[in-house]
Amino acid sequence: MAKIRAFFILALLFLSSSFFLQVARSQSDLDAEADAELVAETVEEGSHVSDDIQDIGFGNFNPAPGVETVCVFPKNSAKSVVAGQETELLVGMKNEGEQSIKVIAVHASVHLPFDHRMLVQNLSTMAFNNASVPASVQATFPYIFAVSKFLQPGTFDLVGTIVYEIDQLPYQNTFYNGTIEVTEAGGLVSVETVFLVSLGLALLVLLGLWVRTQLQSLSKKTKKITKVEVGTRTVDASMDEWLQGTAYTQSQSNKLKKKK
């Protein structure tokens with residue numbers, strides 16, 4: 001019974017973790033929608049992505065005061081990235097300062113999740129020509145990247161940076177510093193799928209153990225033999241007819257003769 005209770009507790013933990021996973025996902029979707037509202041597509045006319053990607057050297061610049069950035073993965077709240085295929089994200093910039101911002105480029109890199117010093121891949125740099133964000137205006141800038149098709153599936157950290165100038169002074173903001181899930185091309189198996197399959201197998205094993213325990217307890221009950229005490233009883237007269245002529249009747253007649 002202790003094992004059955006332990007399995008029940010384990011199943012409850014699995015169910016509760018699945019519930020919180022769904023809640024966290026819903027909350028993530030709500031946050032993405034809220035960020036999407038902030039990321040308004042108000043890029044100034046004439047701003048466009050450069051066809052010739054320049055090799056821009058990124059320094060360790062500080063963010064400018066009054067400049068806020070957000071990141072949205074359109075229709076991809078799980079932040080799933082297929083190795084070797086292009087993935088798009090939107091970088092939102094809000095200028096609450098008094099001067100116009102000149103956007104230079106967007107860059108990103110992939111790192112190991114447990115140690116950011118371990119660089120996995122430098123992603124492409126997307127430069128912008130004539131892209132500016134006036135004071136008290138918010139704008140959206142697309143960024144398309146692709147991780148190496150040889151990158152092993154798993155969880156990695158993506159660090160995205162946008163570089164800009166204010167009054168010819170360079171600044172940069174980290175618009176995203178979080179995890180992404182890299183999957184193989186054409187792969188249908190995800191972490192959530194593995195979790196749900198494991199949960200189903202655990203519940204099936206639990207049910208099988210419970211049924212087996214019930215059958216064993218039922219078979220033990222049926223094997224119990226009730227003891228019946230046998231006392232003195234009278235011999236029915238009809239039984240004498242069956243004993244006529246046997247040694248039993250002869251011995252009984254001899255006893256009667258001796259008594260006489």
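Odds and ends about this structure:
- Condition met for TYR143 (in contact (Cβ under 8 Å) with a residue 60 or more places away in the chain, crowded, with 16+ Cβ neighbours inside 10 Å and under 16 Å from THR69 (Cβ atoms)): no
- Flag if ASN122 is on the phi > 0 side of the Ramachandran plot and touching a His at 6+ places or on another chain (Cβ under 9 Å): no
Here's the yes/no breakdown for (1) of a type in the set (D, E, K, R); (2) in contact (Cβ under 8 Å) with a residue 60 or more places away in the chain; (3) closer than 23 Å to ALA185 by Cα:
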{"site": "PHE73", "(1), (2), (3)": "no, no, yes"}
{"site": "VAL81", "(1), (2), (3)": "no, yes, yes"}
{"site": "GLY84", "(1), (2), (3)": "no, yes, yes"}
{"site": "VAL103", "(1), (2), (3)": "no, yes, no"}
{"site": "PHE128", "(1), (2), (3)": "no, yes, no"}
{"site": "PRO134", "(1), (2), (3)": "no, yes, no"}
{"site": "VAL137", "(1), (2), (3)": "no, yes, no"}
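- Any chance LEU209 is over 30 Å from MET93 (Cβ atoms), in contact with a Phe, Trp or Tyr (Cβ under 6 Å, 6 or more places away or on another chain) and in contact (Cβ under 8 Å) with a residue 24 or more places away in the chain: no
No lab work stands behind these numbers, since they all come straight from the coordinates. Since this is a predicted model, take the numbers as computed values, not measurements. Methodologically, a virtual Cβ is constructed for each residue, glycine included, from the backbone with ideal geometry; neighbour enumeration extends over all protein chains shown.
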